[in-house]
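Following: one structure in C-alpha cells, then a few remarks.
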Amino acid sequence: PARLGEIVDRHGRILAATSRSHSLFVDPSRIDDNSQIASLLAEPLGLHAEQLAERIETHQDRQFLWVKRHLSVEEVDRIFTLELPQGVWGFREEFVRVYPQGVLAAHVLGWRNIDGIPQAGVERTLNHLLQGTDGKRQLVRDSRGYVIEVLEPVTKPPQHGETVWLTLDAEIQRAVETRLNK
C-alpha cells in the first residue's frame, strides 16, 4: 500500500502524518476451541472473552476476522508472549493517520476513519493528492495459500502520497484557539 502524504502548515510543521501499526486477525475456520482462543486474547487486548468467542463462532465459515486493529506496541508484545496455536492468528501491518498537533485545526484538517477513508476537511478534499497509488506484486502460492515465490519482474513499487502545504500557521492557530478558550 501507498503511504498517505503529510499535511503541513506554512512553516513545514506536521499537522497530519502516517505511521505503521499492527492489527491482529484470526482464521475462524481453523479454530477448534473458540472460548480458549478468546480467553487467551481478551485480557492482553482489553476485550471481553465471551463477546470475542461469539464473534469467532458467528464467522466460523470465514478464513479472516479482525480481532483488534491498530494495536499498541505493548499489546503486540503481550500477544507474542501467549501460547497461541500456529496458523490460526497473525498480524497485518497497516497505516494509521496521526495528528501530532492534537485537535489543532481539526476543523480544517478533517479526519479519516479506521480504514483510512477520508471523512471531511483537507483529508477529503485533497485526497487525490494525499493518497498516492498502491504498488503491485505478483506472487506464486501453493495449495495452502503460502507464498512460495515473488515474481520480481512484475513488481511495481507504490507511489506514496504528496505532501500538502497549507497557508495555515500552527502557532497563530494555537494562539487564537487558546484565546478563544479563555
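The values are calculated or read from the model by the stated rules, or taken from the named source; none is laboratory data. Since this is a predicted model, take the numbers as computed values, not measurements. Counting neighbours? That spans all protein chains shown, and the Cβs are built from the backbone with ideal geometry, glycine included. When the accessible area is computed, the model is the full protein with side chains, heavy atoms only, and any ligands, DNA or RNA have been set aside. Shrake-Rupley method; radii C 1.70, N 1.55, O 1.52, S 1.80 Å.
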Report, by residue number, each residue of the range 97-135 that is part of a strand (DSSP E or B) and surrounded by fewer than 13 Cβ atoms within 10 Å (Cβ to Cβ).
-> Val98
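Look through the range 4-14, keep the residues that are within 11 Å of Thr163 (Cβ to Cβ) and open to solvent by 20 Å² or more (accessible area, probe 1.4 Å), and return whichever of them is nearest to the chain's Cα centre (by Cα).
Applying the filter and picking the extreme gives Leu4.
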Residues of the range 56-77 satisfying the condition of being of a type outside the set (A, V, I, L, M), touching a residue at least 12 places away in the same chain (Cβ under 8 Å) and in a helix (DSSP H, G or I) = Glu57, Glu75
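How many residues are open to solvent by 80 Å² or more (accessible area, probe 1.4 Å), part of a loop (DSSP other than H, G, I, E, B) and among the polar types (S, T, N, Q) if we restrict to the range 143-182?
3
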Is at least one residue of the range 15-37 on the phi > 0 side of the Ramachandran plot, under 15 Å from the mean Cα position of the chain (by Cα) and in contact (Cβ under 8 Å) with a residue 40 or more places away in the chain?
-> no
